[in-house]
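Enquirer: Structure in structure tokens, see below.
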Amino acid sequence: MGVTPIEQAVPRTRAAAVVDVGAALLCAALVLLCLALIASTGDLGQFSHAEWRVGRNLALAGCYLAAGIVVRGRSRRLAPLARCLFAVSATMGLFAVSVMLERTTSALGGIEGMGEHVHIGWFRLIMGVSVLGMHGTQAVLPLWFPDGTSPGRAWRLAVLAMAGVYVVYLAPIAWYGPRSANPKWSTWDVAERHDWWRLMTEPVVWMPRLFAVAVLVWLVLRTYRATGLTRRRLTVMLVCYGVYWAIQIGDKVQDIGEDGDPAYWVYLLMLGPASGALAFATLTTVLADDLTGLDRVLRPLLVTVGLTLGLFYCYRGLYAILNTLPGRSEEVNAAFASGVAVLALRPAAGMLLRVVDLLLYGRRAKPYEMLRALSDELSHRVPADDVARSVVDTVVERLCMPAAVLEAHTRHGARELARAGGTGVDEGPWHLVELRHRGEDVGRLTVRLRPGQRSLDANDRAVLDVLGDHLGPLVQAIGLREELRAGRERIVAAREEERRRLRRDLHDGLGPALAGIRLRLETAADVFLADGPREQVGRLIDAAEEDTAHSITEVRRLVDGLRPPDLDERGLPEALRRLALRMPDSVRVETRLPDPGELPELAAACEVAAYRIAAEALINVAKHAGASAVVLSLRVDDESLVLEITDNGTGPGPVERPGGVGLGSMTERAEETGGNLRIGPRPDGVPGTRVLALLPTQLM
């Protein structure tokens, strides 16, 4: 029986886990060994000032070790990234051990201790491996960031080539060092023996720095092409990695610390936090699902570090240039360079803040430019039908939001006006911005949060709130336009439905009845002309008379469906009075109606609207209100026909845009004529409901 792929993968997985555990234990052992060397001296205080770089590297080794353990525990896919973190931790721990070996060797100017038992050659080899390893491992760290995916073949070959150069460079040290009997042997002995090795030293020092420059360019390209959470993670790594290697390269370019200006501890102080930030960025960006808090910390940190480095290099460069001029004292040059650096502080801070914002936030770093651009676009170039689409497109593009949806509130519910970006509502959390105009909710703007965010930061919320203030009147206008369009569609649909109903009734009801009448009359005529029985002729004529009466009734039914007949036969007040008489006996109806002659000539549509609204309101009172009394009144105020129905039942509360089917039809009938309808509690404080319709007496 063959071995399955899963069975083959289990030993490899176990072997990889053993390797990872072994790497972590090695890092921990180096840290413990360094602590043992420190404890063996019996004087812990000296390493807090004379050799505090031991403490710095020891702390960094612990940071990278902890980051590697946490990253490895996060996912098995992140094992390559965790191993790289273990390698950085091991080299830093090894460096701290090598420094302690030097300081516990009396022949090298230290105190007598455990270093006496280590051959000078091995000590020099350990120091070389640790220094080159620290630079090399930190240079290749981003290649496996952020998901542990192996880099491309070209990068793997470049890493192997750099490792091969290191082996070649360290080989003479490993060969001559352990064989030397000189207790103060150093690598200068190798340089004197081999010119190629001496010439190789400077390129080896610069190799990880140039490699880091190439990685930085690669990171920039990856960040530009990435999206969402991956892009934010790469941005953080790019910034921390760039700061660290900017200090490293600046050290070699200007040879910081050669003349004590600045002191060597200043360089180490800058380099330690930068390296620690690299470990911190690797850990937090891999683990964090929400990088908003990290942005808040990273922004001022980057500005501070950038100002410190920039002003220092400005001072150092200007000071060096002034010292080349004849007839100038160093004190005057230093004072002048310091003054220029101080004057440059404020503009440099503003410029650096804008650069950092663009780096972290992209185009959304200038949100109010987005508002101006949107205002200009809406004012001059966007057709009315594309306004909503332009709004959501601008939000998605300018604020870098994954998706945005703009909705308007209508009396039929929320109506989506436009959508941009992703379409899945479950793809991430959403942020809602309620749009208001004159105290009324007119719509809402919904934006999906960026990957890695649980909530928007203060800047984004402020911009969206300002945008919402501007969108309120706009969305209300769009909502009214959409309601008008929907109303027209409903009118057309209702008209066509009414035509179809009339055709069906005429075709299925009146048409066959008339055809039957014709057939009976023709048969009666034939019987009469043939001198047939008069009784048969009479029966046919009677049947035709009955069909005619039925057809007349059907015609009246169709006509009554088009317009209430009471309006034409008796007028609106009497039609409303007859409606009141149809109420059940349990409800007492009081009518306050004018005489027909007291009303002005009303438009036919207004009469029908008033009659239908009154009929629907009385039906609601009888069925739902539980009222015992209702008042139906009609009057004319200025150019409006005022219809009011009040009851003492338990009706709906204040509703400006009713959503029920019956109430909605009442509102539509009022608004179709240019009027409006209000439904709410009675104004006199008595329990009950008032329906108030204001209708124009004439239509344009």
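Enquirer: State whether one or more residues within segment 457-475 are at pLDDT below 75, under 37 Å from the mean Cα position of the chain (by Cα), surrounded by 13 or more Cβ atoms within 10 Å (Cβ to Cβ) and in a loop (DSSP other than H, G, I, E, B).
Expert: The answer is yes; a qualifying residue exists.
Enquirer: Please name all residue pairs, on different chains or six or more residues apart, with Cβ atoms under 6 Å, provided the first residue is in segment 420-437 and is on the phi < 0 side of the Ramachandran plot and the second residue is at pLDDT below 85 and among the β-branched types (Val, Ile, Thr).
Expert: Ala420/Val392; Ala420/Val396; Leu435/Val442; Leu435/Val475
Enquirer: For the condition at pLDDT 80 or above and either outside the structural domain of Pro151 (by TED's automatic domain parsing) or surrounded by fewer than 15 Cβ atoms within 10 Å (Cβ to Cβ) (or both), what is the one hit in Arg222, Arg179?
Expert: Step by step, each of Arg222, Arg179 is checked, and only Arg179 is at pLDDT 80 or above and either outside the structural domain of Pro151 (by TED's automatic domain parsing) or surrounded by fewer than 15 Cβ atoms within 10 Å (Cβ to Cβ) (or both).
Enquirer: Could you tell me how many of the residues in segment 61-103 are modelled with pLDDT of 80 or more, out of contact with any Cys (no Cβ under 9 Å at 6 or more places or on another chain) and of a type in the set (S, T, N, Q)?
Expert: 2
Enquirer: Exactly one condition in (1) exposed (fewer than 14 other Cβ atoms within 10 Å of the Cβ); (2) at pLDDT 80 or above is false for Gly659; which is it?
Expert: Going through (1) exposed (fewer than 14 other Cβ atoms within 10 Å of the Cβ); (2) at pLDDT 80 or above one by one, Gly659 breaks only (2).
Enquirer: Return the residues of segment 202-255 that are β-branched (Val, Ile, Thr), out of contact with any Lys or Arg (no Cβ under 8 Å at 6 or more places or on another chain) and part of a helix (DSSP H, G or I); say none if nothing qualifies.
Expert: Val204, Val213, Val215, Val217, Val220, Thr230, Thr235, Val236, Val239, Val243, Ile247, Val253
The values are calculated or read from the model by the stated rules, or taken from the named source; none is laboratory data. If you're wondering where the values come from, they're calculated on a predicted model, not measured in any experiment. Here Cβ is always computed from backbone atoms with ideal geometry, including for glycine, and neighbour counts include all displayed protein chains.
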